[in-house]
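Notes follow the structure.
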Amino acid sequence: MQDEHDLSVLRLGHRPGRDERMTTHVGLTARALGADRVYLPDNAAGPRETVRDITDRFGGPFDVELTGSPKALIREFEGTVVHLTMYGLPVQDVEAELRDAHAEEPLLAVVGSEKVSFDVYEAADYNVGVTNQPHSEVAGVAVFLDRLFEGRELDREWTDADSRVVPMETGKKVVDGEAER
């Protein structure tokens, strides 16, 4: 994954009280599956802190930023904008093209929460569907990143982790990452 340019995920919309877990999981999924940062709406301070805490404990690098102008971020983004939607082109039909684009320039993956306005569809370089059936934005981010990185994100090494999960057939084991260094 080191040959690719920067990859960011933008979460459009956040309904406080209703979307706390979903917005948090968009950020955690982006982090775990290879993105470099997530942009969250400026009213999502709680999810931002949760994702930052996980990054502090389980390693990074990964940035979490709030934005009050998500549509301006899309318009002004210097790179390829990919809107993840069930109405888009099938990911399997465009994944190679998106890999090539990502090798050349930064990529911004955009996911909604409530109904996404048509101007987002128009501003995106690609409207991509991971399926044409209703699904969650977390699933969209996960499938998209896995397809984009062809599974390489699953072997990602984490730096500066306070805690590290030890894979086991049964049970759970978390070790002190600092003690291991």
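The values are calculated or read from the model by the stated rules, or taken from the named source; none is laboratory data. All values reported here derive from a predicted model rather than from experimental measurement. Here the Cβ is made from the backbone with ideal geometry for all residues, glycine too, and neighbour counts use every protein chain on show.
Residues of the range 103-135 that are under 13 Å from the mean Cα position of the chain (by Cα) and modelled with pLDDT under 95: G112 alone. Only one entry of G140, G151, G177 meets the criterion of being modelled with pLDDT of 90 or more and touching a strand residue (DSSP E or B) at 6+ places or on another chain (Cβ under 7 Å), and that entry is G140. Scanning the range 60-76 for residues that are under 16 Å from the mean Cα position of the chain (by Cα) and either modelled with pLDDT under 95 or not polar (S, T, N, Q) (or both) yields a count of 10. From the list E169, E122, the lone residue that is without any contact (Cβ under 8 Å) to a residue 12 or more places away in the chain, assigned to a helix (DSSP H, G or I) and not hydrophobic (A, V, I, L, M, F, W, C) is E122.
Is it the case that V94 is out of contact with any helix residue (DSSP H, G or I) (no Cβ under 7 Å at 6 or more places or on another chain), surrounded by 14 or more Cβ atoms within 10 Å (Cβ to Cβ) and either in a strand (DSSP E or B) or not basic (K, R) (or both)? Answer is yes for this residue. Every condition in (1) farther than 23 Å from D100 by Cα; (2) out of contact with any strand residue (DSSP E or B) (no Cβ under 7 Å at 6 or more places or on another chain); (3) in contact (Cβ under 8 Å) with a residue 12 or more places away in the chain; (4) not in a helix (DSSP H, G or I) is met by H14 except one, and the failing one is (2). Return yes when L98 is in contact with a strand residue (DSSP E or B) (Cβ under 7 Å, 6 or more places away or on another chain) and at pLDDT 95 or above and no when it is not. Taking the combined requirement at face value, the residue satisfies it.
Among the conditions (1) surrounded by fewer than 18 Cβ atoms within 10 Å (Cβ to Cβ); (2) within 16 Å of M22 (Cβ to Cβ); (3) within 15 Å of the chain's Cα centre (by Cα), the only one that L154 does not satisfy is (2). Scanning the range 2-11 for residues that are surrounded by 15 or more Cβ atoms within 10 Å (Cβ to Cβ) and at pLDDT below 95 returns a single hit, E4. Of the numbered criteria (1) assigned to a loop (DSSP other than H, G, I, E, B); (2) in contact with a Ser or Thr (Cβ under 9 Å, 6 or more places away or on another chain); (3) closer than 24 Å to D63 by Cα, the one V116 fails is (3).
Among the residues making up the range 15-46, those that are of a type outside the set (A, V, I, L, M, F, W, C) and closer than 24 Å to G177 by Cα are T24, H25, G27, T29, R31, G34, D36, R37.
Is it the case that A103 is surrounded by 17 or more Cβ atoms within 10 Å (Cβ to Cβ), touching a residue at least 12 places away in the same chain (Cβ under 8 Å) and not in a loop (DSSP other than H, G, I, E, B)? Taking the combined requirement at face value, the residue does not satisfy it.
Scanning the range 17-45 for residues that are of a type outside the set (A, V, I, L, M, F, W, C), touching a residue at least 24 places away in the same chain (Cβ under 8 Å) and not in a helix (DSSP H, G or I) yields D19, G34, D36, R37, Y39, P41, D42, N43.
For A139, the conditions (1) loosely packed, with under 12 Cβ neighbours inside 10 Å; (2) free of Cβ contacts under 8 Å to residues at least 12 places away in the same chain all hold with the exception of (1).
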